[in-house]
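Report on the following structure.
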Amino acid sequence: MILIRRVASIIVIILMMMQVGGCQRNGTIKVGFAGEISGKGADLGIGARNGVMMAAEEINQMGGIHGKKIEVIARDDQGEPDVARKVDQELIDQGVVAIIGHITSQQTLAGLEVTQPAGVVMISPTASSSLLTGKDDLFFRVAADNGAELWVLGQEIWDRGNETMVIMYDAENVSFAKTYAEGAGQVFQQRGGTILAVLPFHDEDDETLPGLIQQIKLMDPDAILVVASALTTALVSQHIHLEDWEVDLFASDWAYSDLLLQAGGKAIEGTELVVSYDVNSQAPNMAAFRERYIQAFGFEPNYASAQGYEAMMVLAGALVQTGGDAEGLPDGLRGIQNVQGLVSPISIDAFGDVIRPMFLFRVTDGILSLDREIHAPTPTP
């Protein structure tokens with residue numbers, strides 16, 4: 001049983017709204033979750049699912065929404081676009097009022113091909129591709145658009161004294177990885193840097209990586225940016241380490257997970273990445289969430305866990321406004337303004353996007369250590 005404490009402002013506000021509703025109705029409100037629970041991104045998918053389930057249980061223990069309990073129906077998209085479409089349709093057929101998902105932008109875009117025509121709201125905990133930004137549709141997210149992140153990262157790589165860079169990106173999540181690679185590269189070039197190559201690769205073809213790393217070594221870049229999952233980024237770092245080659249290594253927020261440390265070992269030491277969420281924040285809401293999460297699941301939450309939790313709470317706040325119905329849900333979500341989340345305030349704009357501060361992390365002595373918080377301008381990379 002999850003221990004409930006009087007901590008999170010987002011919960012308190014929602015509960016106050018629930019009490020205003022006053023009525024007690026039987027039944028349940030079905031909410032779908034779709035994410036990569038198996039596969040290379042399972043660490044984030046499992047984390048997000050756990051966060052969603054934890055939030056739903058807390059809401060239910062506090063009376064539900066207008067007396068209705070939330071029933072979360074979870075599906076594994078296996079990190080595959082075709083499966084994402086399939087499971088979203090299954091969830092719609094089961095009568096969910098909204099779907100929380102997906103984890104990667106590639107699966108999110110695929111799922112939207114199903115949810116948008118069906119008139120079903122999708123809320124992603126983690127998808128940050130700029131391809132999803134500024135659209136008047138039924139897509140919402142609690143993950144920040146990666147535009148500001150790319151501005152900070154490109155600037156940071158240049159500020160570290162790097163004049164040349166090679167970028168590698170995982171083509172399996174091309175809608176996120178390619179735009180991320182191009183955006184960071186553009187900022188680096190604007191600062192005066194030179195991009196020697198932008199190289200797509202497929203992480204399942206592990207046997208090609210040693211040759212690719214040797215090819216990059218011959219280019220002699222000052223820095224390498226790897227846009228891939230935590231596991232794949234760790235694998236790349238291991239190959240670089242085997243080459244006995246010192247080069248500044250940077251990663252994307254896709255790799256922001258303890259799995260990066262576990263799989264990368266000493267090879268990942270010194271790697272830097274910019275993210276829009278500090279899962280190690282000592283903010284009271286986050287500290288209390290972390291304690292409850294560990295008690296419930298037996299291990300530390302990752303950023304997807306926290307943002308999955310927030311996605312469920314944001315959805316609950318909107319459902320309070322609609323009486324638990326899907327009708328009117330988009331307007332209810334856009335009405336979420338300056339609500340204190342686990343780490344920072346949450347506001348949803350007219351296009352369903354959210355803005356968060358940036359955090360620069362560096363792997364130091366086997367730990368993802370916060371270097372500093374950065375409030376970046378809204379960029380045009």
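Every read-out reported here was derived from the displayed coordinates using simple, explicitly stated rules and does not represent laboratory data. Everything quoted here is computed from the prediction, not taken from an experiment. Here the Cβ positions follow ideal geometry from the backbone for every residue, glycine too, while neighbour counts run over all protein chains shown.
Some points to look at:
- Cα gyration tensor category, rounded, prolate or oblate, for the stretch 290-332 with a/c compared to 1.5: prolate
- Once the Cα atoms are used to define both axes, helix 147-159 deviates from the longest principal axis of the chain by about 30 degrees.
- Taking chymotrypsin sites (Phe, Trp or Tyr not before Pro) as exposed when their DSSP state is a loop state and no more than 14 other Cβ atoms lie within 10 Å, the longest site-free interval of the chain runs over 1-244.
- Residue exposure sequence - Asp88, Asp93 - by fewest surrounding Cβ within 10 Å: Asp93, Asp88
- Neighbour-count order for His239, His66, His202, fewest beta carbons within 10 angstrom listed first: His202, His239, His66
- Efficiency of FRET between Glu243 and Asp82 - r from beta-carbon atoms, R0 30 angstrom, step 0.05: 0.25
- Shape category assigned to the stretch 291-374 from the gyration tensor of Cα positions, a/c cut at 1.5: oblate
- Between Leu199 and Ile294, the contour length at 0.36 nm per residue exceeds the Cα-Cα span by 30.3 nm.
- Hits among lysines - C-alpha to C-alpha of Lys69 under 18 Å, sequence gap 8 or more where chains match: Lys30
- Global geometry of the stretch 142-198, whether rounded, prolate or oblate, following the gyration tensor of its Cα atoms and the 1.5 cut on a/c: oblate
- Calculated mean residue ellipticity, 222 nm, the chain: -13500 deg cm²/dmol, from DSSP H runs (n ≥ 4) at -39500 (n - 2.57) each, averaged per residue and rounded to 500.
- Annotation: amide H-H contacts under 5 Å for Ile73 (H modelled 1.01 Å from N, sequence separation of 5 or more, or interchain): Val31, Gly32, Phe33.
- Once C-alpha pairs closer than 8 Å and six or more residues apart are averaged by separation and normalised to the residue number of the chain, the relative contact order reads 21 percent.
- Signed unit charges on C-beta, dipole axis of the chain, positive-most listed residue Ser175, Pro301, Ala197: Pro301
- Taking the C-alpha atoms only, the angle from helix 174-190 to the longest principal axis of the chain is near 50 degrees.
- For the chain, the longest principal axis of the Cα atoms and the long axis of helix 9-21 meet at an angle of about 20 degrees.
- For the pair the stretch 115-172 / the stretch 73-107, the C-alpha centres are spaced 20 Å from each other.
- Filter on Lys86/Lys178; Lys217/Lys266; Lys135/Lys178; Lys40/Lys217; Lys40/Lys135 - keep pairs with C-alpha separation over 23 Å: Lys86/Lys178; Lys40/Lys217; Lys40/Lys135
- Residues Arg49, Arg372, Arg160, sorted so that the one with the fewest Cβ neighbours within 10 Å comes first: Arg372, Arg160, Arg49
- Positive-pole candidate from Gln238, Leu218, Gln186, dipole of the stretch 180-278, charges at beta carbon: Gln186
- The stretch 75-142 - charge dipole about Cα centre, Lys and Arg +1 at Cβ, Asp and Glu -1, debye rounded to 20: 200 debye
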